[in-house]
Amino acid sequence: MNSEIAITTERIDDFAFLLEVMILLGLPGLVDQHLKRHGLHQGLSWGWIAAIWLAHILTESDHRKLPVRAWVRQAGETIERITGMTVDELDCTDDRLTLLLRRLSKPATWQARETELGRNILRVYEMKPKQVRLDPTTVSGYHAGGEDSLFEFGHSKDDPSLRQVKVMVAALDPLGLPLVSQVVAGSTADDPLYIPAVDRVLQIIEGVGLLFVGDSKMSAQDTRTHIQRLNQRYLCPLALTGKMAEEMSQWIEAANRGDFALQPVLVEDEQGKRKQLAQGYGFERMVSAEIIADDRAEVQEWMEQVFMVRSESYRQTLQKGLDGRLQRATDKLRALTPPPGRGKRQIQEEGELTQAADAILKAHEVAGLLTYTFERQEKRQTKYIGRGRGNAERPTRQIVTMRCQITAVVRQEEAITALQKTFGWRAYVTNTPAEQLTLEQAVLTYRDEWLIEHGFHRLKGAPLSLDPLFVKRDDQVVGLINLLSMAVRFLTLIEFVVRRKLKQNQEKLTGLIENNPKKGIDNPTTERLLKTFDNLTLTIVHLPDQTIRHITPLSPLQTRILELLGLSAAVYTRLAEN
């Protein structure tokens, strides 16, 4: 009789409840609906593979394919008990995960799956969306690029010296929850990405009057016209292109003349005190655009609100930048003509000096704000011709040395003052009626742009670490970004649900802050919530005649987090049922 005892342990941490959230949203079945299995495919379906990989990514903060197989091997019984299916480590090999990414990269398949997931999220958590924010981001990498490659050089806030791909995202406000994501080549302009994103959003959210919020790239006439035709709303700052720069100058001048009474925009600080954030005025104008409908050209007209807003913090930022540019340009202009000395290069030609000086003014964007004066200096020396000592009869020659010297750098105060009067102003436009969106509401709504940026930080930094990318083929890049965009949805969703429930209950969670465990908070991040589930282990003792399972007991805080998410402690305790 074999009397040996075998003990195995599985580190599960937050994996169990992450997978439970995905099951609640129907992710495995949704993926399976659009990713059909090959006739020879054995083991877990694509939906379960995707859910397990996503849970691994969120638990381990690692999107690489290679570690997944070993992790599934050590958590095999946990996965089997949650899924109710037999699990083999071969289900999550590098090759199989590669095939999953390839299928997720197909546009039609991805869009259908994304639409279903978005609808499920809205239905399960009873959300009534009113605003959607649109914004692109870029992901850089050391990729070779090439013909028809997604990795191309383009405008980037990250590292312009690297090739990049661009990701257009439409996120639900005020959650920052991604609804739509589209991966395009890094050299693609932003403007054409807004209309397809709007159309995709409206496949998920039905109805009219949805407010689309975006940056100045969304203010293109075609984009605004498209949103108006769909009976939706838009809010965005105007880009200073074409005739808009001239119109903007006229609107600013009207404000400086006192033609309009400026309304304050107030915001509450952390102490609950209201302080002035900005001030401005608004007016209405008629907008017309030519459209093609039924192969005929038509003119569409609508009323648009224009909000001219001056932000004090923005004004100070521009003023500080101008002061710095003026000082740096002044220093560099003076450094062009140093005093004669050893190793001090002198400029001898006027043309060379003016060319160098004008380049400095242009580089620092202060042309017309600084002027300079210079003079030509001539130095004459008499030298004897030939060797030996000089005498009265010895022939001489004259050596003339020319140099240019900047004598003064002058600030043009009148031009500087005129420019300073334009600082801090920005024009916002919306087709929302004045009774539905005031100037203050418009400014505060647009000001929440950090919400979508928070999702970008999660995608490119911790915990998803998309930058750097560990895949190179274009289809793998697209598939991985699509997969990680689902991970952003789950991170955002967990955070939203917990915060909403805490505010409804007027409750605060304690124990989430390591250095101050007694402090209660009602706005925890998902990352902080997940960290509380560290070091949960399933221990399995194999005896000759029975198997005993034991799981680390949940703390009251862990149990409460599960309850706030609509789950129960059974998510973990059932793993230990013998």
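Within the range 560-574, which residues are assigned to a helix (DSSP H, G or I), in contact with a helix residue (DSSP H, G or I) (Cβ under 9 Å, 6 or more places away or on another chain) and of a type in the set (Ser, Thr, Tyr)?
TYR572
Mind checking which residues of the range 36-63 are outside any helix (DSSP H, G or I) and either touching a Ser or Thr at 6+ places or on another chain (Cβ under 9 Å) or within 18 Å of LEU536 (Cβ to Cβ) (or both)? Can you show your working first?
Here is the first cut: in the range 36-63, the ones outside any helix (DSSP H, G or I) are 36-45, 61-63.
ARG37, GLY43, LEU44, SER61, ASP62, HIS63 - these are the residues of the range 36-63 that are outside any helix (DSSP H, G or I) and either touching a Ser or Thr at 6+ places or on another chain (Cβ under 9 Å) or within 18 Å of LEU536 (Cβ to Cβ) (or both).
Which ones in the range 366-397 are open to solvent by 70 Å² or more (accessible area, probe 1.4 Å), assigned to a loop (DSSP other than H, G, I, E, B) and among the β-branched types (Val, Ile, Thr)?
If the condition is that a residue be open to solvent by 70 Å² or more (accessible area, probe 1.4 Å), assigned to a loop (DSSP other than H, G, I, E, B) and among the β-branched types (Val, Ile, Thr), then ILE385 is the only one that fits.
Out of all the residues in the range 87-115, which are over 20 Å from SER181 (Cβ atoms) and in a helix (DSSP H, G or I)? Talk me through it step by step, then tell me what you get.
Here is the first cut: in the range 87-115, the ones over 20 Å from SER181 (Cβ atoms) are 87-96, 98-99.
Once the filter is applied, which keeps residues that are over 20 Å from SER181 (Cβ atoms) and in a helix (DSSP H, G or I), the range 87-115 yields GLU89, LEU90, ASP91, CYS92, ASP94, ASP95, ARG96, THR98, LEU99.
Cβ-Cβ under 7 Å, sequence separation 6+ or interchain: first residue in the range 490-517 and in contact (Cβ under 8 Å) with a residue 60 or more places away in the chain, partner among the basic types (Lys, Arg). Which pairs?
From the range 490-517, the pairs are LEU491/ARG458; LEU502/LYS508.
What are the residue pairs meeting all of these: first residue in the range 140-155, first residue part of a loop (DSSP other than H, G, I, E, B), second residue polar (S, T, N, Q) and open to solvent by 30 Å² or more (accessible area, probe 1.4 Å), Cβ atoms under 6 Å, and 6 or more apart or on different chains?
Pairs that qualify, where the first residue is part of a loop (DSSP other than H, G, I, E, B) and the partner is polar (S, T, N, Q) and open to solvent by 30 Å² or more (accessible area, probe 1.4 Å), are GLY154/SER187.
Looking only at the range 467-495, count how many residues are in contact with a His (Cβ under 7 Å, 6 or more places away or on another chain) and open to solvent by less than 10 Å² (accessible area, probe 1.4 Å).
2
Conditions (1) open to solvent by 70 Å² or more (accessible area, probe 1.4 Å); (2) closer than 14 Å to LEU100 by Cβ; (3) modelled with pLDDT of 90 or more, marked per residue:
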residue	(1), (2), (3)
GLU10	no, no, yes
MET22	no, no, yes
GLY29	no, no, yes
HIS38	yes, yes, no
ILE49	no, yes, yes
ARG69	yes, yes, yes
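From LEU361, LEU336, grab the single residue that is within 15 Å of VAL410 (Cα to Cα) and among the aliphatic types (A, V, I, L, M). Lay out the reasoning, then the answer.
Numbers: LEU336 fails: within 15 Å of VAL410 (Cα to Cα).
Result: LEU361 is the single residue among LEU361, LEU336 that is within 15 Å of VAL410 (Cα to Cα) and among the aliphatic types (A, V, I, L, M).
Could you list all residues from the range 301-328 that are free of Cβ contacts under 8 Å to residues at least 60 places away in the same chain and surrounded by 15 or more Cβ atoms within 10 Å (Cβ to Cβ)?
Correct list: ARG325 only.
Which residues, counting only those in the range 168-177, are open to solvent by 10 Å² or more (accessible area, probe 1.4 Å) and within 13 Å of ASP135 (Cβ to Cβ)? Reasoning before the result, please.
Here is the first cut: in the range 168-177, the ones open to solvent by 10 Å² or more (accessible area, probe 1.4 Å) are 169, 173-175.
VAL169, ASP173 - these are the residues of the range 168-177 that are open to solvent by 10 Å² or more (accessible area, probe 1.4 Å) and within 13 Å of ASP135 (Cβ to Cβ).
Taking the options ILE399, ILE347, ILE360, name whichever one is at pLDDT below 90 and within 26 Å of ASP331 (Cα to Cα). So that I can check it myself, show each step before the final result.
On the way: ILE399 fails: within 26 Å of ASP331 (Cα to Cα); ILE360 fails: at pLDDT below 90.
Just a single option satisfies the conditions, and that option is ILE347.
Suppose we keep only residues that are of a type in the set (Gly, Ala, Ser) and outside any helix (DSSP H, G or I) within the range 419-450. Which one would you say is nearest to SER249 (Cα to Cα)?
The first filter runs over the range 419-450 and keeps only residues of a type in the set (Gly, Ala, Ser), leaving 424, 427, 434, 442.
Going one step further and asking which of them are outside any helix (DSSP H, G or I), we end up with 424, 427, 434.
Numbers: GLY424: 13, ALA427: 11, ALA434: 24 Å.
Only one residue tops the list, namely ALA427.
Being among the polar types (S, T, N, Q) and open to solvent by 90 Å² or more (accessible area, probe 1.4 Å) is the filter here, so list the residues in the range 264-300 that pass it. I'd like the intermediate steps shown before the answer.
So the first thing to find is which residues in the range 264-300 are among the polar types (S, T, N, Q), and the list is 271, 276, 279, 288, 300.
Correct list: GLN271, GLN276.
One line per residue, one yes/no per condition, for (1) among the β-branched types (Val, Ile, Thr); (2) without any contact (Cβ under 8 Å) to a residue 60 or more places away in the chain; (3) within 20 Å of THR109 (Cα to Cα):
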position: GLN33; (1), (2), (3): no, no, yes
position: GLY43; (1), (2), (3): no, yes, no
position: TRP46; (1), (2), (3): no, yes, yes
position: ALA51; (1), (2), (3): no, yes, yes
position: HIS56; (1), (2), (3): no, yes, no
position: SER61; (1), (2), (3): no, no, no
position: THR78; (1), (2), (3): yes, no, no
position: MET85; (1), (2), (3): no, yes, no
position: ASP91; (1), (2), (3): no, yes, no
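Could you tell me which residue of the range 128-149 is surrounded by the most Cβ atoms within 10 Å (Cβ to Cβ), considering only residues that are under 19 Å from SER485 (Cβ atoms) and at pLDDT below 90?
Filtering the range 128-149 down to residues under 19 Å from SER485 (Cβ atoms) leaves 129, 132-141.
Checking which are at pLDDT below 90 leaves us with 139-141.
Numbers: VAL139: 25, SER140: 23, GLY141: 21.
Among those that are under 19 Å from SER485 (Cβ atoms) and at pLDDT below 90, it is VAL139.
If you take the residues in the range 150-167 that are crowded, with 16+ Cβ neighbours inside 10 Å and under 27 Å from LEU444 (Cα atoms), which one is farthest from the chain's Cα centre (by Cα)?
Here is the first cut: in the range 150-167, the ones crowded, with 16+ Cβ neighbours inside 10 Å are 150-152, 154, 156, 162-167.
Filter once more, so that each one left must be under 27 Å from LEU444 (Cα atoms): 156, 167.
Details: SER156: 11, VAL167: 9 Å.
Residue satisfying both the conditions and the ranking: SER156.
Within the range 556-570, track down each residue that is of a type in the set (A, V, I, L, M) and either farther than 14 Å from LYS508 by Cβ or exposed (fewer than 13 other Cβ atoms within 10 Å of the Cβ) (or both). Walk me through it before giving the result.
Step one: filter the range 556-570 for residues of a type in the set (A, V, I, L, M), giving 557, 561-562, 564-565, 567, 569-570.
LEU562, LEU565, LEU567, ALA569, ALA570 - these are the residues of the range 556-570 that are of a type in the set (A, V, I, L, M) and either farther than 14 Å from LYS508 by Cβ or exposed (fewer than 13 other Cβ atoms within 10 Å of the Cβ) (or both).
The values are calculated or read from the model by the stated rules, or taken from the named source; none is laboratory data. Since we're looking at a predicted model, the values are computed, not measured. A quick note on method: Cβ atoms are made from the backbone with ideal geometry, for glycine too, and the neighbour counts reach across all protein chains shown. The protein model used for the area step is the full one, side chains on, heavy atoms only, and it has no ligands, DNA or RNA in it. Shrake-Rupley method; radii C 1.70, N 1.55, O 1.52, S 1.80 Å.
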